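To start, the structure under review is shown below, and the notes come after it.
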Amino acid sequence: MNDITAAAPPAPVAVAEAISGEAIAREIADMGVTHVITVPDTNLKTAIAALEKAQRVKMLYVCTEDEGMGINAGLYMAGLKPMMLIQNNGLYACINTLKAIALDAQVPTFMLIGQYGRDVTKTVEENRLRSVRLLEPTLETWGVPSFRLEHKTDIGNIRLAWQKAWEIVGPTAAIIGAPTS
Amino acid sequence: MNTAPRLLDRSRAVPLLIGKHEDFLIVAGLAGAAKDIGNLTKESPNTFLLGGAMGGAAMVAAGLAITQPDKRVLLVTGDGELLMALGSLATIGAVQPKNLAIVCVDNECYGETGDQPTHTSFGIDLKATAEACGIKTTRLVTSEAEMAEASALLRQSNGPVFVLLKVTGAPPPQYSRNWQASETKTAFRKALLGKR
């Protein structure tokens, strides 16, 4: 006889928790960013919406991440403080431009990267998708410092990554582990 | 389709079209365009030549144009590079930087790698592409008689300008460039902003 009072199996516990899109947008504006250049990311859609709503930073939508790297360099060369908002797959799409512009020409290139497709109940390393698992190793291969945001308390890592990009005059990444709320 | 004749030699045509290069902040794409501009400007600090970022020059120029509205920004690129980043034309058409001029030196081949044909050799029309992307002021230049008007347009138009310069397959001028992109970027920024 089945025990119908038995508890259902516990829901998987999230390893990465949702960070508020508004908090991310506020942090970006407070850091002094002038432009957010983006090929939009699903996981960061509430952050993009919050940036649009707040109107404290100019949004530039481009067709490819390669374009984003280029326009980021142009804005920097003209004295402004841009950043990029992309997803993991976008990073893979623009490695040559990352090398030739952000690294070789030494352009501060802060990238806020969403981990599109991540199963948030697993660690990054345990995720099935290579687009999730290989993001940090790829960045490391190119010597690009990265900072994880896995919990709400990690919000300060956005600023750390931003400051690091200006300190090393090159690319850095802040990786958002879960879809923003 | 564009089947315009190709009679102009780039070594003569590019300097003729651009004229006084100091009128511009210049971003040049890689390979032939970098040699055209490097030879013309000797990499003066109003010049930034891209290397190894094929397709990237248009957006660097667009970024400069957006944020330096009082300066005239000139992109000099090639057909091969522009074909690699057609979305750049769409982005420029969407943003409409009033101070951006584009010269595409179209030799219908990848000159740097042995003259393999690009799609423009089959009639693909980059001028029409630019127009379709919302760049309203465009010119096709196939002769020296058309240079003066196009050269003036690069300086005077109130909106993005696209000039398709059809050239023969003759090689660009020999020029040995500075491959240290960080050095040339720093020189450019210092000249423009007075800082690294």
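Quick rundown of the values:
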quantity: Spatially proximal lysines relative to A:Lys122 (Cα-Cα < 29 Å; intrachain offsets below 8 disregarded); calculated: A:Lys45, A:Lys152, A:Lys164
quantity: Dipole magnitude of chain A, debye to nearest 20 (Cβ charges: Lys/Arg +1, Asp/Glu -1, about Cα centre); calculated: 280 debye
quantity: Sites A:His151 and B:Ser182, calculated FRET efficiency, Cβ-Cβ separation with R0 30 Å, nearest 0.05; calculated: 0.25
quantity: Span-like helix ranges in chain A, DSSP H, alpha carbon extent 24 angstrom or more, Kyte mean at least -1.0; calculated: none
quantity: Estimated 222 nm signal from helices in the protein assembly as shown, with DSSP H stretches of n ≥ 4 weighted -39500 (n - 2.57), rounded to 500; calculated: -10500 deg cm²/dmol
quantity: Alpha carbon centroid spacing (whole Å) that separates region A:104-118 from region B:83-147; calculated: 29 Å
quantity: Computed Kirkwood radius, in angstrom, where 1/r is averaged over Cα pairs of the protein assembly as shown; calculated: 21.7 Å
quantity: Whole-percent carbon and sulfur share, accessible surface of the protein assembly as shown, 1.4 Å; calculated: 54 percent
quantity: Chains B and A together, accessible area buried on both sides, 1.4 angstrom probe, square angstrom; calculated: 1800 Å²
quantity: C-alpha center-to-center spacing [region A:7-27, region B:1-66] in angstrom; calculated: 49 Å
quantity: Three principal axis lengths of region A:35-176 [C-alpha, angstrom, descending]; calculated: 43, 36, 28
quantity: Label-to-label distance, nm, for residues given as A:Arg26 and B:Lys190 (7 Å Cα→Cβ offset); calculated: 4.2 nm
quantity: Chain B: most fluctuating residue of B:Ser88, B:Ser11, B:Ser182 per GNM, C-alpha cutoff 10 Å; calculated: B:Ser182
quantity: DSSP bridge orientation in region B:10-193 - percent antiparallel, rounded to nearest 5; calculated: 10 percent
quantity: Chain B, relative contact order in percent, only Cα pairs under 8 angstrom and at least six apart counted; calculated: 29 percent
quantity: A:Lys152 accessible area, 1.4 Å probe, all protein chains in place, Å² to nearest 10; calculated: 120 Å²
quantity: Shape box of region B:10-193 [Cα atoms, principal axes, largest first, Å]; calculated: 43, 35, 31
quantity: Kirkwood hydrodynamic radius over Cα pairs of region B:8-99, then Stokes diffusion coefficient at 10 °C and 1.306 mPa s, in µm²/s; calculated: 120 µm²/s
quantity: Rounded to whole Hz, the Karplus (6.51, -1.76, 1.60) HN-Hα couplings of region B:73-89, x for glycine and proline; calculated: 10, 10, 9, 10, 9, x, 5, x, 5, 5, 4, 6, 9, 4, x, 4, 5
quantity: Partner aspartates and glutamates for B:Lys71 [C-alpha distance under 16 Å; skip if fewer than 8 residues away on the same chain]; calculated: B:Glu22, B:Asp23
quantity: Under 5 Å, built H, 5+ apart or other chain: amide partners of A:Ala173; calculated: A:Met111, A:Ser146, A:Phe147
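The values are calculated or read from the model by the stated rules, or taken from the named source; none is laboratory data. Remember, predicted model here, so these are calculated numbers, not experimental data. In this analysis, Cβ positions are derived from the backbone assuming ideal geometry, glycine residues included, and neighbour counts consider all displayed protein chains. For accessibility, only protein heavy atoms count, side chains too; no ligands or nucleic acids. Shrake-Rupley method; radii C 1.70, N 1.55, O 1.52, S 1.80 Å.
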